[in-house]
Amino acid sequence: MKNPLRLLVAAALATGALVAGTSPAVQAAQAERPFVLDDGHIDLFDVVYDPGASGLRLQVRDDTGLYAPGPVTRAPEDVTVQADAEAAEFVTPSTPPAACGCPFFGEQGTVTWVLPFTQEAGLPWAGWSTERLKPSLPQGTTLPESGTPVEIELDIDGPGDVHLYQWSAFGSVTNHQVDTTSAAPDVIKVGVNQHVHGEWLFTEQGSYSITATPRATTTGGQTLTGPPASYHVQIGAEEPTLDLAVTPNRAGAEYLYGQGITLTAAPSEATELDHYHWFVKRAGESEFSVSERSTTQELKLPTSMVWDGAQVYASLYDDEHRVVASSQPLTLSVETLPPVTTLTAAADKASYTVGETVQLSSTQQPPTGEDHFHWYVRKPGEEFFTYIPGSDAASATLPVTAEHDGAEVAVRLFDHDHAVIAESAPLTLDVRDPAPAATTTAVRLSRATQSYGATGPVRATATVAGEGVTGTVTFRSGARVLASGVGVSAQGTATATLPRDLPAGRHQVVASFVPGATSLGASTSPPVVLRVTKAATRTRATAPRRVRAGARATVRVVVGAPLPASGKVVVRKSGRVVGTARLDARGRAGVRLSRLRPGLHRLVVAYPGGANHRSSRAAVTIRVVR
């Protein structure tokens, strides 16, 4: 069925209620995709089996006749589906009713661009097909004849949202399979030997990239997959394209070792865009990699022979980080001049501590009249040397930080054209941390005695003394960690609540300071003693009042305590044991008694105590009747 909203617009046109202009000529689409399909029938997602790849493949079946008579199979990356903006434009005539199921058309006056459900002259009619899948499957592989065993998952990137759906005979949306406003995957589901069309709606003009991935489930339950395919849909004319050129600061991009390499990217037309990425492929490498040295128009490369034969290009990006323009790769040439002297670098000491200053000096053998020096440092893990600011003479200084341990320092001598004419062998710095400042730690308890499981907590407070103390404290009793990672306050204290479940007995509590800076030393407090006493218990017991002779009664026992008691409870009759049971994790037990003679029996239920609990008892009476 045709889109009922479009029929409503057509009726308005027939009565003169709306005025439309003449459609302009369709603009050329992406130059790198040679086939632009802007009118006629297209099986955009044509699913087949590729025996060479042992999997599914997506192709485009071009039945437009624009480039050749009859249907032609094309690779998706060679095709752009383009819609003329005026021909595809749709203005919602009135807010759709809820029964339509099409809120994406928006309120009255909303403009969208639609590729129709049924074929219309002047617009591409893009659908999908599995008609050629079944005959291409290998022998023994079959797909269910019912249901939708074939799926095409779409990942869409573009300036607006995209919807794909069909119209029912009652004028409402059905099979809404693509909705980029939803977090759910966009998946087209289709049966075997089917040829399907839907209506595509785009909320913005512009360029849409679609990555489509096929899969199918065989009759035997296996999954057939295929590689993702790249599709391009252009709604309206493309944005004017920019060219990007990279200019080196030396003619022909030819440099002498030591001369600074500065590359500048310039767009062919003025633009407000200013976000760039630079890509470098060194000699011998197979792929370009992004440089982290610049996101602007200018790229500066450090002095190194690795740039000889390297290729560099720049790309300009829009606000959504899409490539707007890329330059052609520029090949760099770097040559060295023969050294005019032997240059040696020296330091005033064999090792340093953080905060000291390295006094650097150089000698030439034989001496030359050249006096243009630069000193450089390369920290461990760095690839390139970095200029030491202000180091333009035969001697220099370098303030020492911890990062300089193992760093290399070198000096270079330059000619009048800033080309290196001598370079020293690097010297390696040995940097040692200064001895950590001493600290002392003491610990005190909020009280020295606690009953096992008591709810009133015991707090341990550590006091750490030292210069600029920062770090954490760990509290221990023997091998048990009572609290760890407790931060030291600005006043040098750290407080922790000790666990309630410390077993009864004497505990030596110590506090260990863990420094937060290498300039501080660790320290551990002398122990303080916490005595944990056994917890008082209360035993409660219940039993049936009457039991028939020959039956075995059960006494229910609860041993109350701040933390559940453990162990056994014993039931005695005149000192004789008539039943025992072990307490469960909640301190409860059911004691099944021995058979008692007829008469009245007074029973004593005793909890003998445990490692952490005191004893307690209770009494119950049972009458045994014949």
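The values are calculated or read from the model by the stated rules, or taken from the named source; none is laboratory data. What you see is a predicted model, and the numbers here were worked out from it, not measured in a lab. We place every Cβ from the backbone using ideal geometry, glycine too, and count neighbours over all the protein chains shown. The protein model used for the area step is the full one, side chains on, heavy atoms only, and it has no ligands, DNA or RNA in it. Shrake-Rupley method; radii C 1.70, N 1.55, O 1.52, S 1.80 Å.
Which lysines does Lys189 reach when only Cα atoms under 17 Å apart count, and residues fewer than 8 places away in its own chain are ignored?
Qualifying lysines at Cα under 17 Å: Lys134.
With the cut-off at 1.5 for a/c, could you classify the range 26-185 from its C-alpha gyration tensor as rounded, prolate or oblate?
oblate
What list of whole percents do you get for P(r) of the range 161-215, with Cα-Cα distances grouped in 5 Å bins up to the one holding the largest distance?
4, 15, 24, 27, 18, 9, 3
Can you show me the helix-derived [θ] at 222 nm for the chain, built from DSSP H runs with n ≥ 4 at -39,500 (n - 2.57) apiece and divided by the number of residues, rounded to the nearest 500.
Rounded to the nearest 500, it is -500 deg cm²/dmol.
Full-extension gain between Ala183 and Glu370, please, as 0.36 nm times their residue separation minus the C-alpha to C-alpha distance.
60.6 nm
Given a Förster distance of 22 Å, report the FRET efficiency between Ala479 and Arg586 from their Cβ-Cβ distance, rounded to the nearest 0.05.
0.15
Roughly what would the spin-label model give for Glu467 and Ala438, points 7 Å off Cα along C-beta, in nm?
It is 1.3 nm.
Packing-wise, with mean Cβ within 10 Å as the measure, how do 554-560, 272-278 rank, highest first?
For the peptides 554-560, 272-278, the packing ranking is 554-560, 272-278.
Calculate, in nm to one decimal, what Ala68 and Ser361 gain on full extension: separation in residues at 0.36 nm each, minus their alpha carbon distance.
Taking 0.36 nm per residue and subtracting the Cα distance, the gain is 97.8 nm.
Counting only the heavy atoms of the protein chains, how much of Phe117 is accessible to a 1.4 Å probe, in Å² to the nearest 10?
In the full protein context, Phe117 sits at about 30 Å².
Please list 38-51, 357-370 highest first by mean number of surrounding beta-carbon atoms within 10 Å per residue.
So the peptides 38-51, 357-370, ranked by packing, come out 38-51, 357-370.
Given a 1.4 Å probe, how much area per residue of the range 75-204 is accessible, in Å²? Mind dumping the intermediate values first?
Details: 5540 Å² over 130 residues.
Result: 43 Å² of accessible area for each residue.
Could you work out how much longer the chain between Ala169 and Ser294 gets when fully extended? Use 0.36 nm per residue separation minus the Cα distance between them, nm to one decimal.
Answer, rounded to one decimal: 39.2 nm.
Which option, [x] 1.02; [y] 0.95; [z] 1.21, is the value of Rg/Rh (Cα atoms, Kirkwood Rh) that was calculated from these coordinates?
Correct label, based on the coordinates given: [z].
May I ask you to derive the FRET efficiency for Asp501 and Thr218 from their Cβ-Cβ distance with R0 = 51 Å, giving the value to the nearest 0.05?
0.30
Given a Förster distance of 41 angstrom, what is the FRET efficiency for Thr141 paired with Thr271, based on the Cβ-Cβ distance and rounded to 0.05?
Working: r = 53 Å, r/R0 = 1.29.
Calculated transfer efficiency: 0.20.
In what sequence, highest mean first, do 329-337, 607-615 appear when ranked by Cβ atoms within 10 angstrom?
Descending packing order for the listed peptides: 607-615, 329-337.
Which lysines have a Cα less than 25 Å from the Cα of Lys281, not counting those fewer than 8 places away in the same chain?
Lys300, Lys379
In terms of Cα to Cα distance under 22 Å, which lysines are near enough to Lys534, apart from those fewer than 8 places away along the same chain?
Lys568
Grab the eigenvalues of the alpha-carbon gyration tensor for the range 380-526, scale each by 5, take roots, and send me the semi-axes largest first in whole angstrom.
55, 13, 11
What translational D, rounded to a whole number of µm²/s, comes out for the range 526-610 from Stokes-Einstein when the hydrodynamic radius is the Kirkwood one over Cα pairs, at 10 °C and 1.306 mPa s?
Working: Rh = 14.2 Å.
Approximately 111 µm²/s, per Stokes-Einstein.
Between Val36, Phe475, Ser326, whose Cα lies farthest towards the positive end of the dipole of the chain when Lys and Arg beta carbons carry +1 and Asp and Glu beta carbons carry -1, centred on the Cα centre?
Phe475
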